[in-house]
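Trainee: Dropping a structure here in structure tokens format, bear with me for questions.
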């Protein structure tokens, strides 16, 4: 995911939120020689439909054409975050306290790079996770990626 303060994230937020959706995250990645994808995840309380994705795609595409923040050609994809929703922004961590999460750390902490457990708190840039019989206090900046674990 793009950093929360990246140009792409800021631009996407400017388009997505006035349309009544939450920006969940933005990914930009290369897919080989000359191919790239810009993927934007959106959500709202009632869920996301294909029409929602289409509406956001049209609006965002127009803004991207004018502002031209990316070099070369790329495919734009607008999608729901799915059941294993990524946690990107601080407000995501606050909202999903009590849920099970899977976290990948940017660097090893106490020999661990991955954790799965219950998100027990978020405050002052620190994520608390109950995993393996203990409470892990992890700075948000040390988290490479985090996702909800779907409950079946």
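Trainee: Sorting check: for 92-98, 69-75, 81-87, which peptide has the highest mean count of neighbouring beta carbons within 10 Å, and how do the rest follow?
Mentor: 81-87, 92-98, 69-75
Trainee: A further question follows. Sorted from largest to smallest, which semi-axis lengths in Å does the alpha carbon gyration tensor of segment 17-57 give for its equivalent ellipsoid, taking the root of 5 times each eigenvalue?
Mentor: So the three semi-axes of segment 17-57 are 24, 10, 8 Å.
Trainee: Now a separate question. Taking a quarter of the surface of the convex hull around the Cα atoms of the chain, what do you get in nm²?
Mentor: With the hull built on Cα positions only, its mean projection is 10.4 nm².
Trainee: Another one. With each label point set 7 Å from Cα along the Cα-Cβ vector, what nm distance links residue 94 and residue 49?
Mentor: The two pseudo-label positions are separated by 3.1 nm.
Trainee: Modelling each spin label as a point 7 Å along the Cα-to-Cβ direction, I'd like the residue 121/residue 145 distance in nm, to one decimal.
Mentor: Spacing of the two 7 Å Cα→Cβ label points: 2.9 nm.
Trainee: Explain nothing, just the number: relative contact order of the chain, from Cα pairs under 8 Å at least 6 residues apart, as a whole percent.
Mentor: 19
Trainee: Okay, moving on. Once label points are set 7 Å from the Cα along Cα→Cβ at both residue 33 and residue 58, what is their separation, rounded to one decimal in nm?
Mentor: Distance between label points: 3.7 nm.
Trainee: Further question on the same structure: Can you give the % of DSSP beta bridges in segment 7-79 that are antiparallel, to the nearest 5?
Mentor: Close to 60 percent.
Trainee: Something else: With both bridge residues required to lie in the chain, what share of the DSSP beta bridges run antiparallel, to the nearest 5%?
Mentor: 85
Trainee: Let me have the 222 nm mean residue ellipticity of the chain computed from DSSP H runs of 4+ only, each contributing -39500 (n - 2.57), with the sum over all residues rounded to the nearest 500.
Mentor: Using -39500 (n - 2.57) per qualifying helix, the result is -7000 deg cm²/dmol.
Only the coordinates and a few stated rules stand behind these numbers; no lab work does. As the structure is a prediction and not an experimental result, all values here were calculated from the model. Heads up, the Cβs are rebuilt from the backbone with ideal geometry, glycines too, and the neighbour counts pull from every protein chain shown.
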